[in-house]
1. Would you mind stating whether THR162 is open to solvent by 50 Å² or more (accessible area, probe 1.4 Å) and in contact with a helix residue (DSSP H, G or I) (Cβ under 9 Å, 6 or more places away or on another chain)?
2. Taking THR32 as the residue in question, decide whether it is more than 25 Å from SER111 (Cα to Cα) and out of contact with any Cys (no Cβ under 9 Å at 6 or more places or on another chain).
3. On the basis of being small (Gly, Ala, Ser) and assigned to a strand (DSSP E or B), does ALA136 make the cut?
Amino acid sequence: LFPGSDAPYGRTATLLNGAAPGRRVPGVVQLTKSLDEQDMPALAQGRGANGDDVWMTYVEFVHGKVSHAPPQTVNQPVTFSRLNAPVGGDQVLLMHYSKSARVWTGPFPVSAAGQDIFRTAVAVDETGTVWVFWAANQKSNFDICARSYSRGVFSPEIRLTTDPGTDLRPVATTDAAGRVWAAWQ
């Protein structure tokens with residue numbers, strides 16, 4: 001054991017009188033327990049009285065029966081029938097972290113399951129309302145969608161764009177007055 005100050009983040013330290021290199025790394029906590037893929041996370045923290053709250057959105061891709069099927073053994077005849085199962089698609093999920101309690105809760109489903117989704121964004125307004133944004137492929141065109149979350153209740157889904165061009169990569173922030181702003185490509 002050695003003091004963390006002997007190995008600052010981002011630098012390799014020489015420890016034990018030069019006998020061993022050491023590198024300090026942050027602790028890791030697994031937040032999801034699903035066998036499926038989680039990707040494209042975004043984080044936002046509340047302000048003022050809501051400063052204890054940290055919110056994370058992400059996209060979960062469900063492979064369907066393929067990802068949950070037991071692996072085939074060498075003694076079995078090789079079949080590929082399980083690969084014919086349709087995929088489950090994407091879904092936007094939201095998680096909450098309380099800094100004072102040091103506890104994650106969720107995930108809470110934001111979008112319907114089985115979609116084609118690309119990226120999420122999240123921001124918190126002056127009232128503590130959480131705003132989640134994502135790009136969803138609807139009828140062969142990606143548009144930006146949003147929902148708000150306040151006191152355990154989600155608003156209806158809002159479709160922010162309807163133009164025939166592709167709208168992708170949403171980002172969101174909160175300004176000094178507590179207003180949420182969103183932008184996309």
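1. So THR162 does not fit the description; no.
2. no
3. yes
The values are calculated or read from the model by the stated rules, or taken from the named source; none is laboratory data. What you are looking at is a predicted structure, and each value in this text was computed from that prediction instead of being measured. Reconstructed Cβ throughout: ideal geometry from the backbone, glycine too, with neighbour counts over all protein chains shown. Side chains are part of the model used for accessible areas, which takes the heavy atoms of the whole protein and leaves out ligands, DNA and RNA. Shrake-Rupley method; radii C 1.70, N 1.55, O 1.52, S 1.80 Å.
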